[in-house]
1. Quick check on my link table: of B:Lys155/C:Lys64; A:Lys50/A:Lys222; A:Lys161/A:Lys318; A:Lys125/B:Lys15; C:Lys55/C:Lys96; C:Lys169/C:Lys246, which ones sit more than 31 Å apart, alpha carbon to alpha carbon?
2. Which of the three applies to the protein assembly as shown, rounded, prolate or oblate, going by the alpha-carbon gyration tensor with a ≥ b ≥ c and a/c under 1.5 meaning rounded?
3. Using θ = phi - 60° and the Karplus form 6.51 cos²θ - 1.76 cosθ + 1.60, what ³J(HN,Hα) does each residue of region A:160-172 get, whole Hz, x for Gly and Pro?
4. Can you tell me the 0 to 90 degree angle between the C-alpha axis of helix A:48-59 and the longest principal axis of chain A, rounded to 10?
5. With each label point set 7 Å from Cα along the Cα-Cβ vector, what nm distance links C:Glu280 and C:Lys134?
6. Compute the relative contact order of region C:3-231 as a whole-number percentage, counting only Cα pairs closer than 8 Å that sit 6 or more residues apart in sequence.
7. Under 10 Å, Cα contacts only: if you run a Gaussian network model on chain C, which one of C:Glu303, C:Glu140, C:Glu31 comes out with the highest mean-square fluctuation?
8. Starting with the highest mean, order B:50-56, B:188-194 by the number of other Cβ atoms within 10 Å, averaged over the residues of each peptide.
Amino acid sequence: MKKTFFIWVSMLVLAVIASVAGTTYFLRSSMKERLIISTTTSLYETDLLKAVETEFEAKYPIDLNFISVGTGIAIEHAQRGDADLILVHSPTDELGFLTGGTGINRKIIAYNFFAIVGPETDPAKIQGMTTLQALSRIVESSRNGTAKWVSRGDNSGTHAKEKSLWKDAGFNLTTLSKESWYINSGSGMGETLKKTDYFSAYTLADMGTYLKYQKDGLISLKVLVEQGKDLLNVYSAIAVNQTLHPNVNFGGAMTFIKFLISDKGQQIIEHYGEDQYGQSLFYPAVHLLKENTDPTIAQWIREYAFFNGTECPPEYRKGYAELYD
Amino acid sequence: MHPALGNEIIDGFLKALQLIFSGDPTVVEISVRSILISSSATMLSVLWGLPVAAILGLKRFRGRFVAKGFFHAMLGIPTVALGLVLYLFFSNAGPIGFLHWLYSPTAMIIGQAILITPITVSFITSAIESVDPEIKDLAKTLGASETEASIAVLKESMSGVVLAITASFNRAIAELGVVLMVGGNIAGLTSVLTTTIALETNKGNIELSIALAIILLLIVSALSISINLIQRRRT
Amino acid sequence: MKTILELENISKFYENITALDLVNLNVLEGEVLSLLGPNGSGKTTLLRIMAGIEKPTSGKMRFKGVRVDEGDACQVRLRTTMVFQKTALFNTSVYKNIAYGLQLRECSKRETDEKVKEVLKTVRLEGYEKRQAKKLSGGEQQRVALARALAIDTDVLLLDEPTANIDPKNVSIIEEVLSWVNKEKKTTMVIATHNMFQAEALANRAALLIEGRIVKVGSPQEIFALPSKLLASYAKLENVFSGISKSTGEGTSIVDVGDGLQIEAAFDITGNTTVFVRPEDIILSTNPIVSSARNVFEGQIAEISDLGAIVKLRVKAGRDFTVQITKRSFNDMQLNIDSKVFLAFKASSVQMV
């Protein structure tokens, strides 16, 4: 009796292990090489990366895995060696990432602008003002109870931008954020926009995400303050240092970076959204910087997102000299 | 502002049904992955949970009370908390990072298995304990050895074991925190019903989210109903 | 006759309770030994030790001459089996229940099928193989438990109050089966019972256990000859009365048991005595009874217990009497609580405790 029982049990155990192993194998991506990219939410939620992925995977046998988290978390992932590459848009944080030693071979790939968006009725009447003026007006109106502000509150690139703008406008963010009209979204750009819409508030948004959500009918906010140097939004790609994290797919990361800055990659960025939204959501940066096609903006980018006069100081480069002039 | 809320929901609902019945590939892919991952997790948790529960239920040893208490306490563990801990473990900077299981279905299966083990163990232990204590002696008096008698008790608790499996699977397939943190919700690789519902709603894919929510409910209901029917027919 | 089971100074202690105290008992091969004693006297514990599912705190036990109290009582468990008072069945079919013991002993499917059929026939439940064991009536369940025990052909069969809480029809079937098994298969049996009539009918010997000690071993008649109210209380006799008996000089006596009740008994005794009357020997009627019965009393029904085929009544007639009638009679007479009834029983039905 005991014998038959144990035979049954062993068979069952084997069956379980076999099916679990089989399932794992089945669900796993193909034997292709894998590239893990932690990215800012604005690039992901606009589906730009989906377009990039389609083209890239058609050309290269690399499986792209995007994890949409926000600049702050993306950098953290990379610090732990959990990402091979990050796509972010916060120069201050990026510098720290490079100087810390984990980030190498930074390339600026695209740019667009932030904007202050708000309800159509514009209760604080900020339309047409400069950025800093608008922010002051918003604070005033909010304290009067006629307006509200939604902040990303998630250590993302957009949040970093917002924080620096508040600082430039002369506000102490620690005390400001505690005021009742200041709402911390704690989530990505898309979710933040929806919350802003819901509360009929103002917020700082990148144009890419805004346009997509606006055109998709998910929000009915208006752009009230746009353009201008202080609203510049620059996206870069940074690879993870293989010496520090031997397991990262450095080769794959560089292949991807090279693709992004290639004519094809830049083309995808330039035209993404044209058909659906009537205008592009992002602008390609490589050609602009190299040939100085728009000197004003090129200069803005250099002042805002360059370190020591270059997008990637030589001490943070590893091979691939052809990427930098 | 928005169109009447009612319209949106009904619209979404109808489009969702359309997605389901047309066999939309994304919907199918995500559903299949959810079921496979949670089933595997359930099987694993029963594999290691059943022996543990058998010992807890049948043997009297010192510390038994503490052990049972531990599993009861872990019943309510918040999924995000567990997800975070597991992420730190699977992370390349973590102790088992060398396995490179982060952001893969493997990590999700293991993570969910760990999450539901307290359910499996607690339920099965309970089922064993509610078996008439005389059964063990009865088996022995019919000639059974200690092991054989324990097996007889286990057999008597079968319906409780089935309940444990159902409850475990339901918890697994419906949880978000663990699969999100260790899986990363990577499209085409680690996105499952719950992660997609939570995050795609943001992207405005309301119909997809509703479709997946309906499917999730259907899966859970179908399982419970079929288990019920099978048990009814046996007794 | 040879001794098959030998218990030497067996004691069993739990925390602060002494269940068995220096029990010395020999069970002879092929006999039917009845264990008598009140609730809590240790009968169940003793049976469990004999069955090998409980270990004595001290003492020695020998099965067929071999020491079995040390280590795992494996041998004992394979050659003895026990039927519990509260029927314990597996939650599955009758067949699977009975087959369990056979499968433990690695019998082939064919052998198992045959054996199951054979024992079901013995307990008169032919064709019940596929029925769900737990869905049968109480009596049928106990018969299945008995069949299960018989199927494994053990040397010793231990039964703990096998017919307590079973309806009379099933009780008689079980008693007949036990008789038959002992006669035909020569199976040794130890039966714990409250029912002295059962003990008398089935057993060759009886052992009286009181508070964990064996008080007397002998034939059932010898045990019942013991003068004591103690015997009455645990023999679960009904209608027991104590009083002063006065001989009538005509071979009978009148026993004054108090409360104005005088019972005429067909024996000649003077002095303190305890008597009882079996419920079945009492005739009940709603009309005054005209018969040769010497004891006729009028009373009122105080309690009705429906046991299925029979109905037990408690009648207040000076003292409480327990009377038994068929369901049919009960319905015919349309009896209720407080109904006025007449009781009658012969002097010869009055027995001395």
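All of the numbers you see were taken from the coordinates with simple rules; none came from a lab. Note that the structure is predicted; figures quoted are calculated from it, not measured. Neighbour counts run over all protein chains shown; Cβ positions are idealised from the backbone, glycine included.
1. The pairs that break the limit, which is 31 Å between Cα atoms, are B:Lys155/C:Lys64; A:Lys125/B:Lys15; C:Lys169/C:Lys246.
2. Note, shape of the protein assembly as shown comes out prolate.
3. Karplus-based 3J(HN,Hα) across region A:160-172 equals 4, 4, 4, 4, 5, 5, 4, 5, 4, 7, x, 9, 8 Hz.
4. Approximately 40 degrees, to the nearest ten.
5. 3.5 nm
6. Taking the mean separation of contacting Cα pairs over the length of region C:3-231, I get 28 percent.
7. C:Glu303
8. B:188-194, B:50-56
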